[in-house]
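Contents: one structure, followed by commentary.
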Amino acid sequence: MIKEPIDYKEIALQNEALVINLLRRYGVMSQTQLRKLSGLSTSTSSYIIARLRSKGYILETKGLSEGRGPKPVNLEINPYGSFAIGIELKTDSIYGGLFDFNSKLIETVSLPICDSCPDTLALAVSKATNMLVKTHQFASDRVLGVAVAISGSIK
């Protein structure tokens, strides 16, 4: 049996995705609630939360205390932490949308296209992407990706 080395970077990324998905699913929660739902240790969850905070993906706010003692720190997704762009190519136009980190559509653009040659389509995708990002300057360095969809039948 060949033992492969543990990829700690990949594990850290999986843990980040776990925390983000839990926050998306359940909304605002304390670090203690998040730790219990995720099954992560206290030190691991603190490390992951610190990494996500430094990347701007999550926000922290003071919660309400039910009694004496420190107020809990509530965590939630930062909707402006990152963005994604979706592009749909149609026969005569291109439609694009800018989505925040909560998958909320925040801006759209539509452009006509005159032909469907690859160079024209690539230029139109680039133009639509630039138009969406220029509208929201805060998004320019936080776009994680661009997805392109082409509708039509497959033979």
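Hey, could you check the range 68-99 for residues that are without any contact (Cβ under 8 Å) to a residue 12 or more places away in the chain, over 12 Å from S30 (Cα atoms) and open to solvent by 70 Å² or more (accessible area, probe 1.4 Å) and say which is farthest from the chain's Cα centre (by Cα)? Ranking the qualifying residues of the range 68-99, first place goes to R68. For the range 125-143, filtering for residues that are at pLDDT 90 or above and either over 24 Å from the mean Cα position of the chain (by Cα) or open to solvent by 90 Å² or more (accessible area, probe 1.4 Å) (or both) leaves 1.
The values are calculated or read from the model by the stated rules, or taken from the named source; none is laboratory data. In this text, all values refer to a predicted model and were calculated from it rather than measured experimentally. So basically every Cβ, Gly included, is an ideal-geometry build from the backbone, and we count neighbours across all protein chains shown. What goes into the accessible areas is simple: the full protein's heavy atoms, side chains included, and nothing from ligands, DNA or RNA. Shrake-Rupley method; radii C 1.70, N 1.55, O 1.52, S 1.80 Å.
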